[in-house]
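**Student:** This is the structure, below, for whatever I ask next.
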Amino acid sequence: MSNSQPSTKYRKALILPGGGSRGAYQVGASKALLEAGIDFDYVFGTSIGALNATMIAQNSLLRLTELWSNVKSSDIFLLPSAAQIGNVIFGHKLGLLDTSPLENLLWREIDLPKLQSSPMKAGWCTTDMCSLETKLFTIDDVLSKQHLINILMATAAIPIAFPPQQINGDGLWVDGGIVKNTPLDHAIKIGADEIYMVLLNPEVINECPTNIFKMMGRCFDVVLDASARREIDSAQLYNRLLESGSKESYGRKNVNLHIFQPKNPVNTSLLEIDPQRSKALIKAGYLDTIEQLAKNSGN
C-alpha cells in the first residue's frame, strides 16, 4: 500500500548568493554550519557564492579559506589599459576587466572528479543576455572541466566589469545575480525543504557612495538585494500555498528557511579584494553564524 505522506527526512540546501569581495563572509559561515553537523544535500550559488559553493562541494573548504586569506584583486582581474577601454566603448569587447587570472585560478583549483562524486550536489546560477534566460546548471549538466570553467566564469561575470561567456558555444552568459541572486526556488523545486542561506549584506545599510566605482557597486547592490528579497518572499508564499492546500501535488513539507547575514556593515565594495579584510570577514561569518545557531537552538 502506498504512503502519500511526505518523508520525515529533510533534504538540506546551502544557498550562497553573490556579493563580490564580501564572499569571504560565506566561508566562515559555511565552516560554522558544517561544524554544527549540518550535512547538505545541495549547495547552490550565484557569482562569488557559486565559486565558494564549488570549493565546498568538492570538500575543499580549508583550501578555500587559504585562498581568501591570500588572494587580492590583481589575482582575480587586471585593470584595463586606455586601448582596452576604447575596445569596450566601440563594441570590440564586452567587459572592462581582464579576468584571465580568475580563469587560471579556477583551472588550478577545481577538481571535477571530486565534484562528481561529492554527496553535495553543486549548482550555479547564470543569465544569458541574448535570450534573457536564467538557468541553474548543476553538476549533472557538466560535460567536461572546460564546460564547468565556462559556467563558473559566466556566473562570476558582473555585467560591464567582467566579459560574458559562451556556454556550449552559445549565448552571452553573465552573473545570475542580476535576475536571481539567491537560487532559492531552484532548491525548493529540486527537493530541498531545509534551506540555509548566507547573504552578504547586513539587514540595515546606511552608506553613501563616494566615487564612481562605489556608485557602480551600489547600483549592483540594489539589484542583488532586490533579487534576494523576491526569492525570500517567494519561499514564504510557497509555504502559505502549501498550508492552504494549493500545492498538495508536491507532497511536500513547509520549507524551513534559515537566513544568515552580517550583523554589521561590510566596509568593502564588490571588487575590493584584500587578504586582511577577507580574514576579518571569514572570522565575522564564523562568529555570527555560531551565535545565531546558538540562539536558534535556544528557541
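**Student:** Those residues that are at pLDDT below 70 and among the charged types (D, E, K, R), I need them from the stretch 240-267; list them, please.
**Tutor:** Step one: of the stretch 240-267, the residues at pLDDT below 70 are 240-253.
Scanning the stretch 240-267 gives R240, E243, K247, E248, R252, K253.
**Student:** Okay, moving on. I56 - would you say it is at pLDDT 80 or above, touching a strand residue (DSSP E or B) at 6+ places or on another chain (Cβ under 7 Å) and surrounded by 14 or more Cβ atoms within 10 Å (Cβ to Cβ)?
**Tutor:** yes
**Student:** Given the criteria touching a residue at least 24 places away in the same chain (Cβ under 8 Å) and part of a helix (DSSP H, G or I), does G28 qualify?
**Tutor:** Values: touching a residue at least 24 places away in the same chain (Cβ under 8 Å): yes; part of a helix (DSSP H, G or I): yes.
For G28, the condition - touching a residue at least 24 places away in the same chain (Cβ under 8 Å) and part of a helix (DSSP H, G or I) - is met.
**Student:** On to the next question. Considering each residue of the stretch 99-124, count those that are closer than 21 Å to W68 by Cβ and outside any loop (DSSP other than H, G, I, E, B), and give that number. Before you say what the answer is, go through the steps one by one.
**Tutor:** Filtering the stretch 99-124 down to residues closer than 21 Å to W68 by Cβ leaves 99-111, 114-115, 118, 120, 122, 124.
With outside any loop (DSSP other than H, G, I, E, B) added as a condition, the list becomes 100-109, 114-115, 122, 124.
Residues meeting the conditions: 14.
**Student:** If you take the residues of the stretch 168-180 that are in contact with a Lys or Arg (Cβ under 9 Å, 6 or more places away or on another chain) and either part of a strand (DSSP E or B) or not basic (K, R) (or both), which of them is most open to solvent (accessible area, probe 1.4 Å)?
**Tutor:** Here the residue is W173.
**Student:** Also: Determine if the stretch 139-151 includes at least one residue that is touching a Pro at 6+ places or on another chain (Cβ under 9 Å) and within 19 Å of L16 (Cα to Cα). Full working, then the answer.
**Tutor:** If we filter the stretch 139-151 for residues that are touching a Pro at 6+ places or on another chain (Cβ under 9 Å), which is where we start, we get none.
Within the stretch 139-151, not a single residue is touching a Pro at 6+ places or on another chain (Cβ under 9 Å) and within 19 Å of L16 (Cα to Cα).
**Student:** If you scan the stretch 127-167, which residues turn out to be outside any loop (DSSP other than H, G, I, E, B) and more than 22 Å from D185 (Cβ to Cβ)?
**Tutor:** We begin by selecting, within the stretch 127-167, every residue outside any loop (DSSP other than H, G, I, E, B); these are 127-128, 134-141, 145-155, 160, 165-167.
Passing the criteria: K145, Q146, H147, L148, I149, N150, M153, I160, Q165, Q166.
**Student:** Looking only at the stretch 107-144, count every residue that is among the hydrophobic types (A, V, I, L, M, F, W, C) and surrounded by 18 or more Cβ atoms within 10 Å (Cβ to Cβ) and tell me the total.
**Tutor:** Applying the first criterion (among the hydrophobic types (A, V, I, L, M, F, W, C)) to the stretch 107-144 yields 107, 110, 112, 115, 120, 122, 124-125, 129-130, 132, 136-137, 139, 142-143.
If we keep only those that are surrounded by 18 or more Cβ atoms within 10 Å (Cβ to Cβ) too, we end up with 110, 115, 120, 122, 124-125, 136-137, 139, 142.
Counting residues in the stretch 107-144 that are among the hydrophobic types (A, V, I, L, M, F, W, C) and surrounded by 18 or more Cβ atoms within 10 Å (Cβ to Cβ) gives 10.
**Student:** I would also like to ask the following. Scan the stretch 181-203 for residues that are open to solvent by 30 Å² or more (accessible area, probe 1.4 Å) and in contact with a strand residue (DSSP E or B) (Cβ under 8 Å, 6 or more places away or on another chain) and report the count.
**Tutor:** 2
The values are calculated or read from the model by the stated rules, or taken from the named source; none is laboratory data. Because the structure is predicted, anything quoted here is derived from the model rather than measured. Note: ideal-geometry Cβ built from the backbone for every residue, glycine included; neighbour counts use all protein chains shown. Accessible surface areas use protein heavy atoms only, side chains included; no ligands, DNA or RNA. Shrake-Rupley method; radii C 1.70, N 1.55, O 1.52, S 1.80 Å.
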